[in-house]
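Asker: Below you'll find the structure I mean.
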Amino acid sequence: MNFYTKCFTLLLCAPLIGCQGESTEKEPDNNQLLEEQKNFANTGQIPPDMVYIPGGMLNMGGDNEQADQDEFPKHQVKISPFYIDIAEVTNREFAAFVQETNYVTVAERAIDWEEMSKQLPPDVVKPPDSLLQPGSLVFRATDGPVPLDNPAYWWAWTIGANWRQPEGPGSNIEGKEDHPVVHIAWEDANAFAKWAGKRLPTEAEWEWAARGGQEDLIYPWGNDDVNDNPQLANFWQGMFPHDNKLEDGFYTTAPIKSFPPNPYGLYDMAGNVWEWCSDWYRHDYYALSDRPRSMPENPRGPTSSFDPQEPTIPKRVIRGGSFLCNDNYCSGYRVARRMKSSPDSGFNHTGFRCVQDLAGS
Ligand SMILES: [Ca+2]
Ligand SMILES: [Ca+2]
């Protein structure tokens with residue numbers, strides 16, 4: 001789809017003023033988990049380009065003053081072992097899927113106004129047919145500072161933008177075969193995962209894997225301030241959305257594996273592109289999870305979605321942040337950071353990676 005849903009669905013990160021806080025560096029408590037991962041690697045059972053993630057007890061939720069309300073309360077959940085892709089799904093991989101299946105992504109399909117209008121307030125008037133053409137949302141830097149509570153300033157509805165033309169007509173993915181695929185709707189990510197014999201991670205699995213076996217740390221690499229370490233992830237240095245100082249070398253996507261992996265060997269769990277999870281998003285889901293004497297096991301999220309910022313639009317969870325994240329906007333690179341997006345919306349900063357269950361589990 002779609003113009004209006006996308007416009008109403010734009011990621012409404014609450015503006016967060018940079019405040020790294022007084023986090024205490026902890027010795028990683030991950031030796032046992034890493035040892036288990038290493039031992040499993042010797043079994044020869046791991047699917048290509050994936051790693052084994054040991055099961056364990058995840059302390060899930062916000063770790064510092066930047067954490068938003070929906071990251072609390074921090075609570076324990078039990079996770080079973082699984083495999084996860086080492087990196088985000090690339091253009092090369094997605095092209096192979098499309099070549100074999102002739103799959104057409106949501107951003108490439110005709111827009112169904114009747115379907116779209118069901119999610120919109122009743123007084124929204126149908127836009128002209130000239131706008132209701134296949135497309136997607138592309139980031140456009142502003143000329144100067146703008147209010148950060150209105151993403152319409154930097155997202156441009158672009159007819160013809162899709163995974164093959166990430167910046168719109170005239171652009172292409174030549175030379176970007178190893179970049180993460182973008183303009184992927186949740187439905188597209190699931191279609192790829194099914195084809196590959198995999199599935200999308202749950203939100204809890206994603207956070208467990210991103211933490212790399214370390215408890216209560218802010219980023220996949222630990223607590224070293226992201227602002228002092230542009231060599232650790234592809235994010236936005238400078239003031240968003242007008243001044244990108246490019247200290248990490250990438251304005252939009254970077255080829256996968258351009259930055260160091262986390263202790264589990266996973267790349268870009270912070271930044272590059274947001275990654276779809278299987279869960280519906282509810283702002284109060286963690287509060288619902290925090291039941292006394294109850295230990296949620298492999299939680300799969302709520303049965304329905306609710307985002308008070310856009311109550312009429314169901315949303316799925318996305319994780320990990322993108323090349324657009326920084327501390328003056330959304331700090332999406334924090335491992336606990338939760339974000340949400342309409343399942344039928346693709347952006348040029350959203351992609352995915354897959355997981356797979358162990359045989360017999
Ligand atoms: Ca960057
Ligand atoms: Ca990522």
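Asker: What are the radius of gyration and Dmax of the stretch 206-361, computed over its Cα atoms and given in Å?
Answerer: So, for the stretch 206-361, Rg and Dmax equal 16.1, 50 Å respectively.
Asker: Now, a different point. Output ³J(HN,Hα) for the stretch 201-208: one whole-Hz value per residue in order, computed from phi by the Karplus curve 6.51 cos²θ - 1.76 cosθ + 1.60 with θ = phi - 60°, and x for Gly and Pro.
Answerer: Computed from phi, the couplings for the stretch 201-208 are x, 6, 4, 5, 4, 4, 5, 4 Hz.
Asker: Further question on the same structure: How tilted is helix 186-195 with respect to the longest principal axis of the chain? Cα atoms for both, answer in degrees (0 to 90, nearest 10).
Answerer: Between the helix axis and the principal axis of the chain, the angle is about 60 degrees.
Asker: Let me ask something else about it. For the stretch 139-213, take the convex hull of the Cα atoms, compute a quarter of its surface area, and give me that in nm², please.
Answerer: Across all orientations, the stretch 139-213 yields a mean hull projection of 8.1 nm².
Asker: Separate question: I'd like the Karplus ³J(HN,Hα) series for the stretch 145-150: coefficients 6.51, -1.76, 1.60, θ = phi - 60°, whole numbers in Hz, and an x wherever there's a Gly or Pro.
Answerer: Ordered by residue, 3J(HN,Hα) equals x, 9, x, 7, 9, 9 Hz.
Asker: Computed over the Cα atoms of the stretch 78-219, what is the ratio Rg over Rh, Rh following Kirkwood?
Answerer: 1.02
Asker: Can you list residues from other chains, or at least 5 along the same chain, whose modelled amide H is less than 5 Å from the amide H of ASN234?
Answerer: The list, which skips near neighbours in sequence, is ASN272.
Asker: Helix 91-101 against the longest principal axis of the chain: what's the angle in degrees, Cα atoms only, rounded to the nearest 10?
Answerer: 70 degrees
Asker: Using only C-alpha positions, report the orientation-averaged shadow area of the convex hull of the stretch 30-158, nm², one decimal.
Answerer: 14.4 nm²
Asker: Across the Cα atoms of the chain, what radius of gyration and what greatest pairwise Cα-Cα distance (Dmax) are found, in Å?
Answerer: In Å, with Rg to one decimal and Dmax whole: 19.5, 61.
Asker: Calculate the FRET efficiency for LYS257 and ARG109 from the Cβ-Cβ distance with a Förster distance of 30 Å, rounded to the nearest 0.05.
Answerer: Computed FRET efficiency for LYS257 and ARG109 comes out at 0.40.
Asker: Mind pulling up the Rg/Rh value for the stretch 245-292? Radius of gyration and Kirkwood radius, both on Cα.
Answerer: Numbers: Rg = 15.9 Å, Rh = 13.8 Å.
Across the stretch 245-292, the Cα-based Rg/Rh ratio is 1.15.
Asker: In what sequence do ILE79, ILE46, ILE218 fall when counting other Cβ within 10 Å, fewest first?
Answerer: On the way: ILE79 22, ILE46 16, ILE218 25.
Ordered by Cβ neighbours within 10 Å, fewest first: ILE46, ILE79, ILE218.
Asker: Which value does Rg/Rh take for the stretch 118-182 over its C-alpha atoms, Rh per Kirkwood?
Answerer: Ratio of gyration radius to Kirkwood radius: 1.05.
Asker: Give the span of the stretch 167-251's Cα atoms along each principal axis, as three whole-Å numbers ordered largest to smallest.
Answerer: Result, largest extent first: 41, 40, 21 Å.
Asker: Quick one: which residues, 5 or more positions from MET50 or on another chain, have an amide H under 5 Å from its amide H? H modelled 1.01 Å from N in the peptide plane, none for Pro or chain starts.
Answerer: ILE86
Asker: What's the center-to-center distance, using Cα atoms, between the stretch 133-178 and the stretch 245-322 in Å?
Answerer: Each part reduced to its Cα centre gives a spacing of 21 Å.
Asker: Now for a separate question. Could you pull out every residue, at least 5 positions away or on a different chain, whose amide H is within less than 5 Å of the one on TYR219? Hs are placed 1.01 Å off N in the peptide plane, and Pro or chain starts have none.
Answerer: VAL335
None of the figures in this text is laboratory data; all of them are computed from the coordinates on show. Computed from a predicted structure; not experimentally measured. For neighbour counting, all protein chains shown are included, and Cβ atoms are generated from backbone atoms with ideal geometry for every residue, glycine included.
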